[in-house]
1. Shape call for the stretch 32-109 from the C-alpha gyration tensor, a ≥ b ≥ c root eigenvalues: rounded (a/c under 1.5), prolate (a/b greater than b/c) or oblate?
2. Kindly identify the stretch 54-177 as rounded, prolate or oblate by the Cα gyration tensor criterion: order the square roots of the eigenvalues as a ≥ b ≥ c, call it rounded if a/c is under 1.5, otherwise compare a/b with b/c, prolate if a/b is larger, else oblate.
3. Using +1 at the C-beta of Lys and Arg and -1 at the C-beta of Asp and Glu, which of Ser173, Gly144, Gly37 has the Cα lying farthest in the positive direction of the dipole of the chain?
4. Tell me the relative contact order for the chain as a rounded percent, counting alpha carbon contacts under 8 Å between residues six or more apart.
5. How much mean residue ellipticity at 222 nm does the chain get from its helices, if each DSSP H run of length 4 or more adds -39500 (n - 2.57) and you divide by all residues, to the nearest 500 deg cm²/dmol?
6. If one computes the Cα centroid of the stretch 1-76 and of the stretch 141-193, what distance in Å separates the two points?
7. Taking all protein chains in place and a 1.4 Å probe, what share, in percent, of the accessible surface of the stretch 54-154 do carbon and sulfur account for?
8. With every protein chain present, what is the per residue accessible area of the chain (1.4 Å probe, Å²)?
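The values are calculated or read from the model by the stated rules, or taken from the named source; none is laboratory data. Keep in mind that this is a model prediction, so the values were computed, not measured. When we count neighbours, we look across all protein chains shown, and the Cβ atoms used for this are built from the backbone with ideal geometry, even at glycine. For accessibility, only protein heavy atoms count, side chains too; no ligands or nucleic acids. Shrake-Rupley method; radii C 1.70, N 1.55, O 1.52, S 1.80 Å.
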Amino acid sequence: MLENSLKVLHIAPTPYFADRGCHIRIRGIVNALQDRGVINVVCTYPIGKDTPGIETVRCPRIPGYTKTEAGPSGFKYIADLLLIFTVARQIRKFRPDILHCHLHEGLLIGWAAQILAFRFSVPLCFDMQGSLTGELAAHGYLDGRPRLRRGFEIVEKWIIGAADKFFCSSKASVDLLVNKFRLNAANVVLVRD
């Protein structure tokens, strides 16, 4: 390990690794960064498969939590809370140059962990794969509830406001950040899968 290599701490609020969607993106990003000499650590949930060549730090085990498939789980709330403390410890130990926050939950966890670690100068980079409100609507959680939808739009805007830089997996996400959330286009980068 080179002494002055860039160090990136990835926050993956998911049972990484399972062979699907955001997991494949996270692995691809970590591998691409490693090929460029970047040192990476992935902080994630207590379950999932380890991937060779990728340093993975997991939050403490949660009895009864075994679901690695996509979709809601009551255990995710506990895992997110535990992940905040795991990330805060890694911020102090690993001393990253960048926090690469995957998904909206990852950005919230990164923001909270910075506070716990008293390391406010580490930039939060948000890897956005779509709209939080859009995802909830697609799963039917907001059907017939316009006030709840508006509430989630406000929460999503607040979450997004915590990030310093943005990576998007699609042009639609870039457009959403620039046009709907009024972010400076210079801070938004399209990084296709």
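1. prolate
2. On the way: a/c = 1.93, a/b = 1.29, b/c = 1.50.
It comes out oblate by the Cα gyration axes.
3. Gly144
4. For the chain, the relative contact order is 19 percent.
5. Mean residue ellipticity, 222 nm, calculated: -12500 deg cm²/dmol.
6. If we compute the Cα centre of each part, the gap is 23 Å.
7. 61
8. Numbers: 10250 Å² over 193 residues.
For the chain, the per-residue accessible area is 53 Å².
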